[in-house]
Amino acid sequence: MLRVEHLTKKFGELTALSDVNINVEEGECRGIIGPNGAGKTTLFNVISGFLKPTTGKVFFNGMDVTGFRPYKLVSMGLVRTFQIVRVFKNLTVYQNFQVVLDDPDDLIKEMGLWDRRFYRASDLPFGELRRLSIGLALAMNPRVLLLDEPFSGLSPRESLDLVEVIKGLKEKGVTLVVIEHKLKELFTLADRVTVLSSGKVIFEGSPDEVVNDSRVIEAYLGTG
């Protein structure tokens, strides 16, 4: 469903990504982890069309989409969220969804926001604001959804609620790629995990395999 081949991205003399290869199957939840500066968000920015790679290719549903603009990729079903929540904060929850959907009732309920539908987005607690942003991404009917640190800033209770929401997306067959630092929540959801360090893929495997790999441990401890 989503494949990157020999992806490299340079900013001047800085190599943010180096010969990255990832293949995400349809219906899979793929975790992307790594220490700060590993290149995770740069990877998302290239996949989603916000940056062009220096070399390499991005394939979506079998098509070479390298360098496609973000709006084009969204129309094809490749949608992303951001670390910083992007919603219409001066509109109500319901009005936010009406921007992209004529009848948003079912999606608002699915995101657990029905009781908050007439609240202004700016008045929501952060966990519900995060769910609103994910809901707006879902309103674009994605085939692949890229989630950039969805658990960032959430309380334990909010994180549990969001885990259930994402599990529901998996059950509906949405292909998910998730960048996350909170490994407990991510490993509850991920089928496979790709580990980046210094712009390179250093390991790929199941959550159990990842936590027991010496290269991953060294990357996180800063000794390798």
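Size of the dipole of the chain about the Cα centre, Lys and Arg at +1 and Asp and Glu at -1 on the beta carbon, nothing else charged, in debye to 20?
Values: 28 positive and 29 negative charges, 144 e Å.
Here the size comes out at about 700 debye.
Which three numbers, in whole Å and largest first, are the semi-axes of the equivalent ellipsoid of segment 19-66 derived from its Cα gyration tensor as √(5λ)? Could the numbers behind the result be given before it?
Working: eigenvalues 62, 50, 16 Å².
Value: 18, 16, 9 Å, ordered largest first.
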Practice problem: Find which of PHE44, ILE217, GLY27 sits farthest along the positive direction of the dipole of the chain, computed with +1 on the beta-carbon of Lys and Arg, -1 on that of Asp and Glu, about the Cα centre. | Solution: PHE44
Quiz item: At LYS170 and ASP19, where each label point lies 7 Å from the Cα along Cα→Cβ, what is the point-to-point distance in nanometres?
Solution: 3.3
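When 1/r is averaged over all different Cα pairs and the result inverted, which Kirkwood radius in Å belongs to segment 110-224?
15.6
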Quiz item: What shape does segment 6-119 have by the C-alpha gyration tensor, where a ≥ b ≥ c are the square roots of the eigenvalues, rounded means a/c under 1.5, and otherwise prolate means a/b greater than b/c and oblate the rest?
Solution: prolate
Quiz item: Given the rule -39500 (n - 2.57) for each run of at least 4 DSSP H residues, summed and divided by the residues of the chain, what is its mean residue ellipticity at 222 nm, to the nearest 500 deg cm²/dmol?
Solution: -9500 deg cm²/dmol
Practice problem: Find the lysine pairs in segment 66-224 meeting two conditions, Cα atoms under 22 Å apart and a separation of 8 or more places or different chains, and report how many there are. | Solution: 9
Quiz item: Simple spin-label model, 7 Å along Cα-to-Cβ: LYS109 to ARG143 in nm?
Solution: 2.9
Exercise. At 7 Å along the Cα-to-beta-carbon direction for both GLN83 and ASP208, put a label point, then send me their distance in nm to one decimal.
Key: 3.3
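Normalised by the number of residues in the chain, what is the relative contact order in percent for Cα pairs under 8 Å and 6+ residues apart? Please list the in-between numbers first.
Values: 428 pairs, mean separation 61.1, N = 224.
Worked out over the chain, it gives 27 percent.
Quick check for me: using +1 on Lys/Arg Cβ and -1 on Asp/Glu Cβ, what's the dipole size of segment 173-224 about its Cα centre, in debye to the nearest 20?
Values: 5 positive and 8 negative charges, 31 e Å.
So the magnitude is around 140 debye.
Every number in this text was worked out from the coordinates using simple rules, so none of it is lab data. This one's a predicted model, so the numbers in the text were calculated from it and none came from an experiment. FYI the Cβ positions are ideal-geometry reconstructions off the backbone, even for glycines, and counts take in every protein chain you see.
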